[in-house]
Amino acid sequence: MQIYKTVAEIREALAAEALHKKIGFVPTMGALHKGHLSLVEKCHLESDLTVVSIYINPAQFRPQEDLNRYPRNFEKDIDLLRNYHADLVFTPDNAQMYPEGYCTWVTVEGLSDILCGASRPGHFRGVSTIVLKLIHIVQPKLMFMGMKDYQQIIVLEKMIEDLNLDTKIVRCPIVREPDGLAMSSRNLYLSSEERQRATCLIKALKKAQMMVNEGCLSSSILISEAENIIKQADGKIDYIKIVDGSTLQELAEVHSGARMMLAVYIGNTRLIDNLELLP
Ligand code: PAF
């Protein structure tokens, strides 16, 4: 496994190695957990060359957010990636990705302002920009992404379509702790008491799914039941919405492909999760 810190180095390595090979790519911000590793594993199975990036992208954090305390675990990440058969790891610094005078940004309009984009203005502009840059550098055929960040996948799929990029996103299932909490690097922020309360997200989603199975299709009823579950656990709701799984538009009634999306603060930690309510 080789580690590259500059755009020029990884480009050169890929030019030499990647001829006629199907490149698979897993973009990450490090602090790797089993969710990330499941992506690397799948990438290794489905590609000829597995490229992983570790870069905490400042452009997707707002000033008051957790950029400075975002977990960093570089040595451990590298050991894990070696065990999971990554071939090339790209670990640029800010000077590589946003050199002085940098001023080009990509925005996927509409999809970037709703749900997480409404509470985190500019977040998806930062994500789209960095992922477009990484795709240009790595030139992957396949890019493996976890469905916990469901809106991120929808935004990036639209960017890929609109800009005619030759990369396909492979949507990978959410990896959960045994009690259902979706794996996230931000789970590290939770105290043990908060960690227990954090299961309210999956409980609310499962309850909605169960009610749909029993015939309740009204979004307002499903959302108010989910709100009760979150409030009982003392969670602060950022949003709970039921949306169409392709367009992310809000639905008054659940239909096939509908998804409940939620963002909830447990203490100071903002957690997100989602579940398809009807296949
Ligand atoms: O999902 C993430 O970890 C980040 O948003 C990504 C895709 C690596 C871009 O910085």
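We did not get these values from a lab; they are worked out from the coordinates using the rules stated. Because the structure is predicted, anything quoted here is derived from the model rather than measured. Methodologically, a virtual Cβ is constructed for each residue, glycine included, from the backbone with ideal geometry; neighbour enumeration extends over all protein chains shown.
Points to keep in mind about this one:
- In a reduced charge model with +1 at each Lys and Arg Cβ and -1 at each Asp and Glu Cβ, the chain shows a dipole moment near 340 debye about its Cα centre.
- Most mobile listed residue (Leu142, Leu37, Leu163) in the chain, GNM with C-alpha springs under 10 Å: Leu163
- Chain lengthening between Ala16 and Lys231 when straightened (0.36 nm per residue, less Cα-Cα): 71.9 nm
- Positive-pole candidate from Cys43, Gly30, Ile10, dipole of the stretch 5-52, charges at beta carbon: Gly30
- Of the GluC sites (Glu not before Pro) in the stretch 198-274, the ones in a loop by DSSP (not H, G, I, E or B) with at most 13 other beta carbons within 10 Å are Glu214.
- Placing +1 on the Cβ of every Lys and Arg and -1 on the Cβ of every Asp and Glu, with nothing else charged, gives the stretch 216-255 a dipole about its Cα centre of roughly 80 debye.
- Positive minus negative residues near Met147 (Lys, Arg vs Asp, Glu; Cβ under 13 Å): +1
- Across the stretch 75-166, C-alpha contacts under 8 Å between residues 6 or more apart give a mean separation that, scaled by the residue count, equals a relative contact order of 25 percent.
- Of Ala13, Ala258, Ala198, the residue with the greatest mean-square motion in the GNM of the chain, using alpha carbon springs below 10 Å, is Ala13.
- Environment charge of Asn68, counting only residues whose C-beta is closer than 15 Å and scoring Lys/Arg +1, Asp/Glu -1: +2
- The Ser191 and His255 beta-carbon pair, evaluated with R₀ = 30 Å, returns a calculated FRET efficiency of approximately 0.15.
- Listed from fewest to most Cβ neighbours within 10 Å, the set Phe124, Phe61 follows the order Phe61, Phe124.
- Exposure proxy order (Cβ contacts within 10 Å, fewest to most) of Val127, Val7: Val7, Val127
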